[in-house]
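The block underneath contains the structure these notes are about, expressed in structure tokens.
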Amino acid sequence: MSAEAADRVAAVTSSRPSTPLQTSWFEFLLDGSLLENHLQKSNPDPLPVQLIIQFLEQASKPSVNEQNQVQPPADNRRNRTLKLLALKVAAHMKWDLEVLEKGLTIPVLNMLLNELLCVSKVPPGVKHVDLDLSTLPPTTAMAVIIYNRWAIRTIVLSSFPEKQTKPGPHQMNMLSIVQQEKEMTENILTVLKEQAADSISVLEGALRLKKDFYVHTLRTLDLLAADAAANGETESSTAGLRISADELHCQVHYDLGGIFFQQACTDQPAFEKARDHFRQTKELLKKLDWTVHVHLDEKRLAGYWNACRALTGDCDPSDSQTSPYDQINSLIRAQDHKAVIEAFIKDNVTRSLPNQFRRSVLREFLYKVQQGESGLDEICHKLCVCNAVRDAVEGEVLSVRFQQLLLKPSKRVVDFILEVCTRSLEKERPSETSRRNMAHFMKTLCESLEELPLVFVVSSHKLFMELLREEERKVLVEQMRKRSATINLSAKPLPSFYDIPASASVNIGQLEQQLILSLEPRRIRQILIELHGMAERPFWRVNSKWEVPPDYINVILGIKDNLTKDLVYILMAKGLHCISIKDFAHARQLFSACLELVTEFSPKLRQVMLNEMLLLEVRAHETMAAEGSKERPPPDLVSRVRGYLEMRIHDLPLRQVVGEECVAFMLNWRENDYLTLQVPPSLVMNNPYIKLGQLLASTCKELPGPKESRRTAKELWDVVVQICSVSIQHKRNSDGRVGLIKHRESSMCILYRSKFITFIKKLREPLVLTTLISLFVRLHSIVRDDIVNEVTAEHLSIWPSTLPNIQAVDVEAVAVTVKELVSYALTLNPNNQSWLITQADIYFVTNQYSAALNLYLQAGAVSSDFFTKPVPPDVYTDQVLKRMIKCCSMMNCHTQVAVLCQFLREVDYMTAFKALQEQNSHDAMDSFYDYIWDVTILEYLTHIHHKRGETEKRQIAIKAIGQTELNTSNPEEVLQLAAQKRKKRFLQAMAKLYF
């Protein structure tokens with residue numbers, strides 16, 4: 001025992017007996033036999049994995065030299081011994097990766113296995129995939145196999161989601177260490193994933209070896225330590241722990257199956273590889289009666305096997321060995337839907353399929369219906385019934401989908417429900433619980449059916465008679481009769497929404513479910529009356545997704561009558577939801593009912609509802625316009641919008657979005673005269689959206705006018721600059737100098753930039769959007785201050801060319817806004833050539849040359865009927881053509897550069913010749929020669945190919961130059977026609993390349 005250990009023992013001998021002291025890591029360095037004795041204990045403290053961590057942690061500690069500089073861990077005897085001790089502990093654990101992975105982090109296990117490769121004399125600097133395992137010594141080959149098994153297992157394990165542990169207060173100082181370990185883990189995983197294909201190849205090579213394998217033990221590691229010159233040819237290589245070929249192959253097949261299964265998420269055929277490996281694993285497990293060296297989760301293997309068979313279709317429903325999962329999947333694949341239903345009904349008796357699997361099958365069929373497959377609705381209904389009956393027998397809550405099915409069922413559906421119920425109790429002696437649950441289900445079924453004839457179909461059924469006592473049957477049928485009478489009464493035409501009688505009371509849960517599903521105002525009120533008769537609580541909270549604007553909550557919750565409060569809240573919430581999904585017909589019904597209701601007791605809420613109904617009509621009309629309708633809004637709607645903008649009622653809650661969309665509506669329908677001449681000045685001062693609307697309308701009206709009438713454009717410019725500015729404050733630093741602090745958005749602007757962007761995205765009028773794009777392009781050019789690479793747009797001349805306080809403008813905000821604005825405008829009209837050129841310029845100045853060229857070509861295509869006519873010169877200006885040339889040059893498409901140089905007003909021979917000198921062109925080169933009409937360029941091409949000895953290309957150039965229509969003696973009209981023909985064909989060819 002070491003002196004320090006003795007001191008610690010002596011210090012506690014006088015106290016009462018306690019747990020034995022933990023052995024310290026350094027004691028194993030001092031006593032060579034201590035490790036083996038420690039590991040032989042039944043409950044060693046510290047545990048083996050803890051010892052590995054301690055040994056490797058100490059061996060990898062950096063050292064500090066005399067100059068106090070941190071150095072890498074020293075390669076001395078102490079550190080080598082510590083690493084060897086860690087390997088010996090792992091050898092004692094028989095290199096069980098299952099246990100090692102659970103106890104060690106990825107960085108620690110990576111260090112351990114790299115040390116195993118080192119001591120096993122794996123050639124350093126050589127890729128494992130390049131090693132021939134059959135020629136390596138046994139323990140060397142085994143080290144390579146263990147490392148690559150761990151590599152692919154780690155990739156698979158890292159793909160599983162893990163719940164992140166939140167550090168407590170006492171762990172806060174550990175955050176940096178945790179972060180370092182996380183970064184190390186991510187780096188290791190990146191390398192392992194890059195080398196995954198190599199690791200798979202190594203393990204597939206191991207499967208071809210039919211000899212036994214040997215792995216290091218404590219003894220062989222001692223031999224290696226004793227003989228520093230020992231290599232794989234010494235006794236230590238074959239004196240290790242023997243592992244039979246079948247055992248290793250079984251484990252490797254399982255690990256390979258796991259990695260192929262994970263890869264199949266993006267590579268579907270990999271499922272077949274995974275299936276084959278799992279099949280081999282199962283066969284080898286049967287062959288091995290008893291095994292020490294195979295460590296795998298047999299439940300997970302069974303799950304993998306079932307999943308692979310289902311996904312690859314490797315199932316035979318007639319095979320008695322197949323699992324119920326396989327049988328169901330085979331029937332679905334064979335489209336034997338009748339047999340699937342039959343299997344589900346039988347499973348209601350055997351209950352071998354988990355409920356989750358049954359629900360997933362229903363979801364799969366529902367997905368097929370959504371994708372447009374016809375004839376599956378009835379299958380979905382029947383599967384839903386089978387699942388509902390299974391839930392009912394087990395006492396589970398019935399699904400919402402089944403509740404919806406019962407809203408308007410046919411007699412066929414009810415008959416099928418009764419058939420499934422009968423067959424689900426076909427056991428010789430069904431349990432009393434099952435019978436009681438089924439009886440409750442039959443009662444629920446009767447209560448849910450609205451039509452009395454269907455109720456009598458259920459109540460006269462044999463199973464109903466058997467399960468319910470006579471008294472229960474009589475009470476239930478009487479309740480149904482009373483409810484039927486009430487329903488018939490309420491079905492009569494009613495003079496007012498408020499005169500609806502309540503129906504008979506039924507289960508609160510069912511009523512709440514109906515309340516959530518219903519969109520019919522009368523039915524909603526009827527349900528609420530029944531609910532309030534059964535329980536006094538706020539039913540507007542039944543569905544957490546019912547939301548009304550925060551501006552209105554206090555007014556609505558201030559209603560004293562609880563029923564009215566619930567009704568107003570729910571009608572408004574449902575109406576707003578319908579608007580959000582563009583179901584405007586139901587929204588009108590719900591809002592109209594709510595308006596009728598609040599008119600009787602609250603003028604304030606009446607005006608709120610009128611405002612919301614105005615917003616509804618505005619959105620409905622804007623939706624129609626966005627879908628292509630050219631119909632102008634009715635004068636009544638325009639008048640109501642004006643009335644809202646001018647409305648001033650004291651203490652009335654107003655949603656800003658209503659005013660915002662009203663202003664956007666007026667701009668979209670070109671009501672510029674109202675916005676510029678008739679809107680009250682007080683509104684302009686108080687409402688930022690009206691201010692913006694007025695400035696935009698005025699600027700659009702002045703666009704065709706003389707330059708001196710652009711005062712409004714300057715005012716709009718100032719407002720937008722302020723929106724895109726940051727507020728600057730001066731602060732004196734500790735050294736006495738004055739510094740600047742920038743806040744993200746200026747508090748002086750009329751709107752925050754995010755709200756301004758939201759407002760812009762409600763605009764559709766092309767002239768308004770063109771004006772805004774023009775403004776932001778000018779602002780973007782000024783703040784970027786790059787004259788060579790400027791973005792172009794229409795009407796740039798109306799804006800100022802300088803900024804008095806350019807430092808205050810948020811450059812990033814301007815760049816983001818101009819990109820968002822142009823992208824949004826192109827979603828409305830992808831064929832606007834001006835917007836296309838602007839978007840192309842944005843890509844060009846940000847070095848996205850392929851995207852820029854694509855859009856330059858689009859602009860040309862839309863202005864020339866896909867290049868069947870000449871592209872107008874105001875679209876393909878010299879600047880645009882030069883940018884297209886640079887795009888091609890940056891993508892190494894040098895032949896395309898030469899062709900485009902002809903398009904310029906004066907052919908750019910210098911650029912064309914320089915491009916043709918390039919030999920690494922990434923385009924089709926000589927296939928573009930037919931598009932060259934300039935004889936000088938063709939002559940230069942002939943010279944270049946002759947000089948390089950490129951005979952075939954020279955012949956193609958000579959053939960192109962020899963066409964009669966290019967003869968310089970031809971009249972000018974013939975030469976122009978030849979050029980136009982080649983321009984058209986070249987641009988069409990480019991469009992095919994880049995579109």
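Percent of Cα pairs in the stretch 497-631 per distance bin of 10 Å, from zero to the largest separation: 11, 43, 32, 11, 3, 0.
Per residue, how much accessible surface does the stretch 497-631 expose to a 1.4 Å probe? Answer in Å², no decimals. All intermediate terms of the calculation are to be shown ahead of the outcome.
Numbers: 6100 Å² over 135 residues.
The answer is 45 Å² per residue.
Here's the list of aspartates and glutamates a cross-link from LYS560 could span, going by alpha-carbon distance under 17 Å and ignoring same-chain residues fewer than 8 apart: GLU536, GLU600.
Could you size up the charge dipole of the stretch 356-423 around its Cα centre, putting +1 on the beta carbon of Lys and Arg and -1 on that of Asp and Glu, and report it in debye to the nearest 20?
On the way: 11 positive and 9 negative charges, 11 e Å.
Charge dipole, the stretch 356-423, about its Cα centre: 60 debye, nearest 20.
Whole Å is fine, so just give me how far the alpha carbon centre of the stretch 895-969 lies from that of the stretch 390-406. Comparing the Cα centres of the stretch 895-969 and the stretch 390-406, I get a distance of 76 Å. Maximal additional length on extending the SER24-ARG655 stretch stands at 220.2 nm, based on 0.36 nm per residue less the C-alpha distance.
Grouping the Cα pair distances of the stretch 336-390 into 10 Å bins from zero gives a pair-distance distribution of 24, 59, 16, 1 percent in increasing distance order.
Here's the list of lysines a cross-link from LYS947 could span, going by alpha-carbon distance under 20 Å and ignoring same-chain residues fewer than 8 apart: LYS914, LYS959. Rg of the Cα atoms in the stretch 850-971, relative to 2.2 N^0.38 Å, amounts to 1.09.
Shown is the FRET efficiency for THR81 and GLN50, computed with R0 = 25 Å from the Cβ-Cβ distance and rounded to the nearest 0.05: 0.85.
DSSP loop chymotrypsin sites (Phe, Trp or Tyr not before Pro) in the stretch 856-910 with at most 15 other Cβ atoms within 10 Å of their Cβ, which ones? Don't skip to the end; give the middle numbers.
Working: sites: TYR856, PHE866, PHE867, TYR876, PHE903, TYR909; in loops: PHE866, PHE867, TYR876, PHE903.
In loop regions of the stretch 856-910 (DSSP not H, G, I, E or B), the sparsely surrounded chymotrypsin sites (Phe, Trp or Tyr not before Pro) are PHE866.
Of the trypsin sites (Lys or Arg not before Pro) in the stretch 534-564, the ones in a loop by DSSP (not H, G, I, E or B) with at most 13 other beta carbons within 10 Å are LYS545, LYS560. Shape descriptor for the stretch 324-483: Rg over Rh equals 0.98 (Cα atoms; Rh from the Kirkwood inverse mean 1/r). Rounded to the nearest whole angstrom, the semi-axes of the ellipsoid equivalent to the stretch 899-995, taken from the Cα gyration tensor as √(5λ), stand at 20, 17, 13, largest first.
Protection proxy ranking, highest mean first, for peptides 813-821, 460-468: 813-821, 460-468, where packing is the per-residue count of other beta-carbon atoms within 10 Å, averaged.
Using a probe radius of 1.4 angstrom, the carbon and sulfur fraction of the accessible surface of the stretch 497-631 is 51%. Using the average count of surrounding beta-carbon atoms within 10 Å as a protection proxy, the listed peptides 92-101, 41-50 rank, highest first, as 92-101, 41-50. The calculated FRET efficiency for the pair THR936 and THR802, based on their C-beta separation and a Förster distance of 51 Å, comes to about 0.70.
Our note on the geometry: Cα centres of the stretch 441-465 and the stretch 835-862, 68 Å apart. Would you mind checking LYS287/LYS368; LYS41/LYS127; LYS604/LYS819; LYS61/LYS88; LYS630/LYS869; LYS582/LYS992 for any pair whose Cα atoms are more than 31 angstrom apart? Going by Cα-Cα distance, LYS287/LYS368; LYS41/LYS127; LYS604/LYS819; LYS582/LYS992 fall outside the 31 Å limit.
Partners of LYS411 within straight-line reach, counting aspartates and glutamates whose Cα lies under 17 Å from its Cα and excluding those fewer than 8 residues away in the same chain: ASP377, GLU378, GLU419, GLU447, GLU450, GLU451.
Loop only by DSSP, 13 or fewer other Cβ within 10 Å of the Cβ. Give me the GluC sites (Glu not before Pro) in the stretch 612-643 that pass, ordered by residue number.
Numbers: sites: GLU612, GLU617, GLU622, GLU627, GLU631; in loops: GLU627, GLU631.
Hits after loop and neighbour filter: GLU627, GLU631.
In terms of its alpha-carbon gyration tensor, the stretch 589-709 comes out oblate; a/c meets the 1.5 threshold, while b/c is at least as large as a/b.
If you take the beta carbon distance between ASP198 and ARG279 as r and set R0 to 22 Å, what does 1/(1 + (r/R0)^6) give as a FRET efficiency, to the nearest 0.05? Write out the running numbers ahead of the final one.
Details: r = 25 Å, r/R0 = 1.12.
Result of the calculation: an efficiency of 0.35.
The stretch between ALA270 and GLN335, if pulled fully straight at 0.36 nm per residue, gains 20.9 nm over its current Cα-Cα span.
Protection proxy ranking for 340-350, 692-702, 439-449, 578-588, using the average of other Cβ atoms within 10 Å per residue and placing the highest first: 692-702, 439-449, 340-350, 578-588.
The values are calculated or read from the model by the stated rules, or taken from the named source; none is laboratory data. Only a predicted model underlies this, so the values are computations on that prediction, with no experimental measurement involved. Here the Cβ is made from the backbone with ideal geometry for all residues, glycine too, and neighbour counts use every protein chain on show. Please note that ligands, DNA and RNA were not included when accessible areas were found on the heavy atoms of the full protein model with its side chains. Shrake-Rupley method; radii C 1.70, N 1.55, O 1.52, S 1.80 Å.
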